[in-house]
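A.B. asks: The structure is given below, and queries will be raised subsequently.
The values are calculated or read from the model by the stated rules, or taken from the named source; none is laboratory data. Because the structure is a prediction, the values reported are computed rather than measured. Quick reminder, even Gly has a Cβ in these numbers, built from the backbone with ideal geometry, and neighbours come from all protein chains shown. Note: accessible area is taken over every heavy atom of the protein model, side chains too, but ligands, DNA and RNA are not part of it. Shrake-Rupley method; radii C 1.70, N 1.55, O 1.52, S 1.80 Å.
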Amino acid sequence: MGQDDAESRAARLIERARTAGRDALLATEGFELVEALGLRVPVQVFVRDRNEAGELDLSVFPGEQVVLKAASPAVAHKTDVGGVELNLPDEAAVRRAFRQIREHVAAKAGAEHFHRVTVQPFDRHEGYELILGSSIDPQFGPVLLFGAGGQLVEVFEDHALALPPLNTTLA
């Protein structure tokens, strides 16, 4: 895919969110955006009930441990609502994790905000969790955010804000 194709695909994703009245991309759109820009993303499959999740674990990721994550437009920080279950070795664990995620999201965000979960292979690669974001400030215009991500993103506050366009030095 050429640079123009990637940029137009990214622009369409962002415009779709704006047209829907959202100021943030859904997780699926975020993955699609990152993939359009040429970065590798993990395989993810969406399921709506625990039976489907258990069966998927066996058919799509045979012999692999998996991760389940809540997938809802209303849940930005999944770990804050108990929406992530890691290192699931088998069908029974996947079904149990699905039930727990559904219960946690319902208790902390409301039952109406539980839509489905993503199932992904558990990636053991060493690395860093990152946060990347953008918004439009009323006075300054576009603002970019980049920094340490994950569960402790707000504790460490290890991030930088910058105004585009960025050159290599500023980035």
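A.B. asks: How about region 84-94: which of its residues are of a type outside the set (Asp, Glu) and without any contact (Cβ under 8 Å) to a residue 24 or more places away in the chain? First the steps, then the outcome.
C.D. replies: Step one: list which residues in region 84-94 are of a type outside the set (Asp, Glu), which gives 84, 86-89, 92-94.
Those that are of a type outside the set (Asp, Glu) and without any contact (Cβ under 8 Å) to a residue 24 or more places away in the chain: 84, 93.
A.B. asks: So, one more: Among the candidates 19, 28, which residue alone is open to solvent by less than 80 Å² (accessible area, probe 1.4 Å), out of contact with any strand residue (DSSP E or B) (no Cβ under 7 Å at 6 or more places or on another chain) and among the polar types (S, T, N, Q)?
C.D. replies: 28
A.B. asks: For residue 64, all conditions in the list (1) open to solvent by 50 Å² or more (accessible area, probe 1.4 Å); (2) modelled with pLDDT of 85 or more; (3) over 18 Å from residue 30 (Cβ atoms) hold save one; what is the number of the exception?
C.D. replies: (2)
A.B. asks: Let me ask another. For residues that are of a type in the set (A, V, I, L, M, F, W, C), open to solvent by 50 Å² or more (accessible area, probe 1.4 Å) and not in a loop (DSSP other than H, G, I, E, B), scanning just region 1-16, find the one that is nearest to residue 115 (Cα to Cα). Please lay out each step first, then the result.
C.D. replies: So the first thing to find is which residues in region 1-16 are of a type in the set (A, V, I, L, M, F, W, C), and the list is 1, 6, 10-11, 13-14.
Those left that are additionally open to solvent by 50 Å² or more (accessible area, probe 1.4 Å): 1, 11, 14.
Subsequent filtering for residues that are not in a loop (DSSP other than H, G, I, E, B) retains 11, 14.
Values: 11: 26, 14: 22 Å.
Out of the qualifying residues, it is 14.
A.B. asks: Related question: Which number in (1) touching a residue at least 40 places away in the same chain (Cβ under 8 Å); (2) closer than 15 Å to residue 88 by Cα marks the one condition that residue 27 misses?
C.D. replies: (2)
A.B. asks: Which residue pairs have Cβ atoms under 6 Å apart, sit 6 or more places apart or on different chains, and have a first residue in region 33-48 that is free of Cβ contacts under 8 Å to residues at least 60 places away in the same chain and a second that is among the acidic types (Asp, Glu) and surrounded by 13 or more Cβ atoms within 10 Å (Cβ to Cβ)?
C.D. replies: Pairs found: 41/35.
A.B. asks: Working only within region 122-158, note down all residues that are open to solvent by 100 Å² or more (accessible area, probe 1.4 Å), within 18 Å of the chain's Cα centre (by Cα) and at pLDDT below 85. Working first, answer last.
C.D. replies: Keep residues of region 122-158 that are open to solvent by 100 Å² or more (accessible area, probe 1.4 Å), which gives 124-126, 128-130, 132, 136, 138-140, 146, 151, 154-157.
Going one step further and asking which of them are within 18 Å of the chain's Cα centre (by Cα), we end up with 124-125, 128-130, 132, 146, 151, 154.
If the condition is that a residue be open to solvent by 100 Å² or more (accessible area, probe 1.4 Å), within 18 Å of the chain's Cα centre (by Cα) and at pLDDT below 85, then 124, 125, 128, 129, 130, 132, 151, 154 are the ones that fit.
A.B. asks: Condition test on residue 143, is it touching a residue at least 60 places away in the same chain (Cβ under 8 Å), assigned to a strand (DSSP E or B) and at negative phi?
C.D. replies: Details: touching a residue at least 60 places away in the same chain (Cβ under 8 Å): no; assigned to a strand (DSSP E or B): yes; at negative phi: yes.
Taking the combined requirement at face value, the residue does not satisfy it.
A.B. asks: Quick check on region 50-59: of everything there that is surrounded by 14 or more Cβ atoms within 10 Å (Cβ to Cβ) and over 15 Å from residue 84 (Cα atoms), which residue is farthest from the chain's Cα centre (by Cα)?
C.D. replies: Start the filter on region 50-59 by keeping residues that are surrounded by 14 or more Cβ atoms within 10 Å (Cβ to Cβ), which leaves 50, 52-57.
Within this subset, residues satisfying the condition of being over 15 Å from residue 84 (Cα atoms) are 52, 54-57.
Values: 52: 20, 54: 21, 55: 23, 56: 19, 57: 19 Å.
Per the criteria, the residue is 55.
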